[in-house]
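Taking it in order: structure first as structure tokens, then the write-up.
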Amino acid sequence: MFAAISGLKQHQIMMDVTANDIANVNTIGYKSSRTTFKDSLAELQRGGAGQGQGSGGQNPSQVGLGAQLGSIDSNMQSGALQSTGNALDVAIQDDGEGWFRIGSATVSGTTATLSPGTTQYTRAGNFSRDDQGYLVTEDGYYVIGRTVQNTTAGGVPAGADQLLQIPNGATSVAIGPDGAVSYLPAGSSTRTVAGYISLAIFPNENGLQRASGNRWTANTASGAEEIGTPGGDFGSTQSGTLEMSNVDLATEFTNMISAQRGFEANSRVISTADDMLNTLVQMKH
């Protein structure tokens, strides 16, 4: 009965993960998850033995004690690209390496200072400009750029972090495949580059931890970020396009049915065990 109860708990977790994936089927840049189980401890009824004088060996006899959660893995495969026509919508092209770097900052007039330790990561490139012309996410986090291009991973990245500001009155704003954010200043026909969108790659991107609002945070499992700009070892950026969720509904519905059937089967085991105990109690009559 307790083994079946552990099965109920794990299949409930599987259903929760599946439900979350289905709920985010249209979330920009969302990465789906996968649930795995592993067996729990086993009760040893009889140990194994090797061949002895006059007798052969025997295998151990064990009774399993249920299931436990193995892992909840994130599927980091790229989602489908959807054209929007908005110049400030940016996607990292199919199977491109890298995550957009975003964070908090203190802005005073024309001076912007990034807040240390606030860097997070996202694949949702639906950016916009705030009232000061800075490139921000839908939640108001500043998009972190670089002062110069650096498309090679490893080593000390060239340039420095900066915020990407497009002055008021600028026209013809564009974001190139190399991450260059450019515009035409008011009254000028010479294109100016505000900076380059920066990307981060990790030794183990599956180790990134989810935060709310399409954001992820690094930790010891993911390893330290390697910073660069689009191109080379990093994915190229595509303006006017968004990366959508990579949730596969056919797979999720299959997982949902599998979780439901597993839950029902474990429930049946509990009912059967209860009937057996009831029969034992009734034996006194």
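Just so you know, all these numbers are worked out from the coordinates, no wet-lab data involved. This one's a predicted model, so the numbers in the text were calculated from it and none came from an experiment. Every residue, glycine as well, gets a Cβ built from its backbone with ideal geometry; the counts of neighbours run over all protein chains shown.
Of note:
- The value of relative contact order for the chain, using C-alpha pairs under 8 Å at least six residues apart, is 25 percent.
- Per-residue 3J(HN,Hα) values for region 214-221, derived from phi via the Karplus relation 6.51 cos²θ - 1.76 cosθ + 1.60 with θ = phi - 60°, read 6, 10, 10, 10, 7, 7, 5, 5 Hz in sequence order (x marks Gly and Pro).
- Under 11 Å, Cβ to Cβ, from Arg268 - net charge with Lys/Arg +1 and Asp/Glu -1: -2
- Potential lengthening of the chain between Arg191 and Ala80 amounts to 36.8 nm, from the contour at 0.36 nm per residue minus the alpha-carbon distance.
- Cut-off 12 Å between beta-carbons: net charge of the residues surrounding Ile22, Lys and Arg +1, Asp and Glu -1: -4
- For the chain, the dipole from Cβ point charges (+1 on Lys and Arg, -1 on Asp and Glu) about the Cα centre works out to 480 debye, to the nearest 20.
- Peptide packing: for 199-209, 40-50, the average count of neighbouring Cβ atoms within 10 Å per residue gives the ranking 199-209, 40-50, highest mean first.
- Centre-to-centre separation between the Cα atoms of region 232-258 and those of region 37-69: 43 Å.
- Expected 222 nm ellipticity per residue - DSSP helices of 4 or more, -39500 (n - 2.57), all of the chain, to 500: -7000 deg cm²/dmol
- Two-site FRET efficiency, Asp131 against Thr152, from Cβ-Cβ distance with R₀ of 35 Å, rounded to 0.05: 0.45
- Normalised by the number of residues in region 81-243, the mean separation of alpha-carbon contacts (under 8 Å, six or more apart) gives a relative contact order of 32 percent.
- Solution diffusion estimate, µm²/s, Stokes-Einstein, region 131-175, Kirkwood Rh from C-alpha pairs, 10 °C, viscosity 1.306 mPa s: 128 µm²/s
- Those trypsin sites (Lys or Arg not before Pro) in region 230-285 that DSSP places in a loop and that have at most 16 other beta carbons within 10 Å: Lys284
- Over the C-alpha atoms of region 81-243, the Rg to Rh ratio, Rh being the Kirkwood estimate, stands at 0.94.
- Rg and Dmax, both from the Cα atoms of region 243-285 and both in Å, are 19.3, 69.
- With each label modelled as a point 7 angstrom along the Cα→C-beta vector, the Asp16-Ala221 pair spans 1.5 nm.
- Nearest 10 degrees, 0 to 90: helix 2-23 Cα axis against the chain principal axis: 20 degrees
- Just so you know, the Rg over Rh for the chain is 1.20, from Cα atoms, with Rh as the Kirkwood radius.
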